[in-house]
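Right, one structure below, let's go through it.
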Amino acid sequence: TAGIVSESGISLSVGSSFTFNIVLNTKPTQNVLFTMTSTNTSYGLVSPSTLTFNSGNWNTNQEFRVTGVNNAIIDGTRNFQITIDPSASSVPNYSALNNKFISMSITDNDKKIFQTTTTHQGSLGGVAGADTICQTDAGCASGKVCKAIIADRAGSRIASVTPDVGDGQVNWVLTPFAHYYQSNGTSLISNTNSS
C-alpha cells in the first residue's frame, strides 16, 4: 500500500526503484487488465503500465516497478500516488472494482555546500570533530545533517585512492548523480557522476 523511492539511483535522471506484485485470488474466465499510472510523472514513473492476467497466469505474481525521477531542484521529500485501475478488464467482477491507490514518497538527493562561518586551524578532532564543526555551524540549516568535505590520514574518510577515479571511497560525503549548490540553494556548483 506504500513505497519510497529516491532521486539517487543510476543516473542524473533516473533514481531508485520500488517493486510491487499483483496476483489474482481466483481463476478468471476472460482477461483481467490492470492499468497503473503515476499522479506525478515528474516524481515517479511506472513500468510496465499494464498487467494482463488470464486463465493460464492468474495465480503467478506479476510485478510493476515505480522508478524515481531525479531532478536538479532542492525540493525535499514529495508525495505522489500510483493508481491501479481494473476498469478495462473483460471480467465484470474485476472491471467493477474501485481503483486502488498506493501512497509513494520520493526523497531528494540534491545538496548545498557552504563554507563554515568561522575559520579553524590545527587539530579539528579528526573527521568526527570536523563533522561536529559543520553540524553546529550557522550555515547548516536546522534539521539537516551537515558533514565536512575533508579526508584524514587515519583513513576514516577517503575521497579516492586514485585521483579522479573515485575508487576506494570510505565514508565519503558526496553522493553520486547529485546536484550540488552554493548555500543560496540556487547557484549550481556541479554535478557528481558515478565515481
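The values are calculated or read from the model by the stated rules, or taken from the named source; none is laboratory data. Keep in mind it's a predicted model, so treat the numbers as computed, not measured. Positions of Cβ are generated from backbone atoms using ideal geometry, with glycine treated the same way; all protein chains shown enter the neighbour counts. Ligands, DNA and RNA are excluded from the accessible area calculation, which covers all protein heavy atoms including side chains. Shrake-Rupley method; radii C 1.70, N 1.55, O 1.52, S 1.80 Å.
General observations
- Quarter of the Cα convex hull surface for region 63-132, i.e. its orientation-mean projected area (nm²): 8.5 nm²
- Alpha-carbon Debye profile of the chain, log10 I(q)/I(0) at 0.07, 0.09 Å⁻¹: -0.34, -0.50
- Computed over region 24-69: relative contact order in percent, which uses C-alpha pairs under 8 Å that are six or more apart: 46 percent
- Length-normalised contact order of region 110-194 in % [C-alpha pairs under 8 Å, at least 6 apart]: 28 percent
- Region 1-151, relative contact order in percent, only Cα pairs under 8 angstrom and at least six apart counted: 25 percent
- For the chain, share of DSSP beta bridges that run antiparallel, in % to the nearest 5: 80 percent
- Computed from phi, the 3J(HN,Hα) profile of region 148-161 under the Karplus parametrisation 6.51, -1.76, 1.60 (θ = phi - 60°) reads 7, 8, 8, 10, 10, 5, 6, x, 7, 8, 10, 7, 6, 6 Hz, with x in place of Gly and Pro.
- Put a dot 7 Å past the Cα of residue 160, heading toward its Cβ, do the same for residue 42, and the two dots end up 3.3 nm apart.
- Region 34-155, accessible surface, carbon-and-sulfur percent (1.4 angstrom probe): 50 percent
- Neighbour net charge for residue 124 - beta-carbon separation under 14 angstrom, K R +1, D E -1: 0
- Shape analysis of region 93-158 yields a ratio of the Cα radius of gyration to the Kirkwood radius, Rg/Rh, of 1.39.
- Residues in region 73-186 average 60 Å² of solvent-accessible surface per residue, probe 1.4 Å, ligands and nucleic acids excluded.
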